[in-house]
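Working notes, structure below.
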Amino acid sequence: MIKQKHNQGFTLIELIIYIAIVGLILTSISYLYIELIAGQERFGARLEVNQSLRTIVGQFERDARAAQTITSVGAGAVEFLIDGQPVRYFFNDATGDIERQVGSETPVELNSSSILVTGNFIDRSYQNRSETITMALTVQDTKPDEFLALDLSISATSTVQLRGRR
C-alpha cells in the first residue's frame, strides 16, 4: 500500500509571513485613519475661528455704520449711539470674550466659549469732521491640540466711518 502525503496546513514560515503582511496593511490603514481625523479637527477649528471673526467684525461694522456718534472710546471698550440707544462693545479680559451690550440689557458674547478674543479700539476721528473707529482683534482657538501641534489664531483690523450722523 502506498501512503499519500496530504498537505493539510500552513508551515510556520508561511504563517509568520502572512501575519507580517496583514500587520503592515493594518498599520497603514490606521495611520491613514488618524490623519483623516486630524485633518477634520484642523478644518473644524479653522472654520470656527474664521466664522467667529466674520461674526464679530460684521456685527461691529453694521453697528458702527448705523451709529450717529461715538459716545466713548477706550482701549478695551467703545460705545455708539444708535437711534438714541447706547450700544457698547468691550473686551472681557477675564473670560477672553468680546461682548455687545444694547442699552441696559445683559451683554451678549459674540464668540463661542472655545474661542479667545483679544483686542482694542482706536478713535480715528479727525477734527470733528468725521467719526471713524478702528477695532484691532485677535481670534484664537483655546483648545490647541497637543498631538497635532495646532495653534490657530487670526488677527484682523476693521476701520469704519460712521454713516448714521444726522
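To the nearest 500 deg cm²/dmol, what mean residue ellipticity at 222 nm is calculated for the chain from DSSP H runs of n ≥ 4 alone, each contributing -39,500 (n - 2.57), summed and divided by the residues?
About -12500 deg cm²/dmol.
For helix 12-66, what angle does its Cα long axis make with the longest principal axis of the chain, in degrees from 0 to 90 and rounded to 10?
Long axis of 12-66 versus the principal axis of the chain: about 10 degrees.
From the phi angles alone, apply the Karplus equation (6.51, -1.76, 1.60; θ = phi - 60°) to the range 74-86 and give each ³J(HN,Hα) in whole Hz, x where the residue is Gly or Pro.
Whole-Hz 3J(HN,Hα) from phi for the range 74-86: x, 4, x, 8, 9, 10, 10, 10, 10, 6, x, 10, x.
For an R0 of 25 angstrom, estimate the FRET efficiency from the Cβ-Cβ distance between Glu35 and Ala136 and round to the nearest 0.05.
0.10
Taking R0 as 25 Å, what FRET efficiency do you get between Ser125 and Ser155 from their Cβ-Cβ distance, rounded to the nearest 0.05? List each step's numbers first, then the result.
Details: r = 23 Å, r/R0 = 0.94.
Plugging the Cβ-Cβ distance into 1/(1 + (r/R0)^6) gives 0.60.
Take every Cα-Cα pair in the chain and report what % of them are more than 29 Å apart.
Counting pairs separated by more than 29 Å, the tail of P(r) holds 45 percent.
Based on the Cβ-Cβ distance from Ala77 to Arg46, what FRET efficiency comes out when R0 is 35 Å, to the nearest 0.05?
Efficiency computed from Cβ-Cβ geometry: 0.75.
For a quick protection proxy, order the peptides 12-25, 43-56 by their average other-Cβ count within 10 Å, most packed first.
On the way: 12-25: 10.1, 43-56: 16.1.
Output ranking for 12-25, 43-56: 43-56, 12-25.
What distance in nm separates the simple spin-label points at Ser114 and Ala94, each placed 7 Å from Cα in the Cβ direction?
2.6
Every read-out reported here was derived from the displayed coordinates using simple, explicitly stated rules and does not represent laboratory data. Just so we're clear, the structure is a prediction, and the values are computed from it rather than from any experiment. Every residue, glycine as well, gets a Cβ built from its backbone with ideal geometry; the counts of neighbours run over all protein chains shown.
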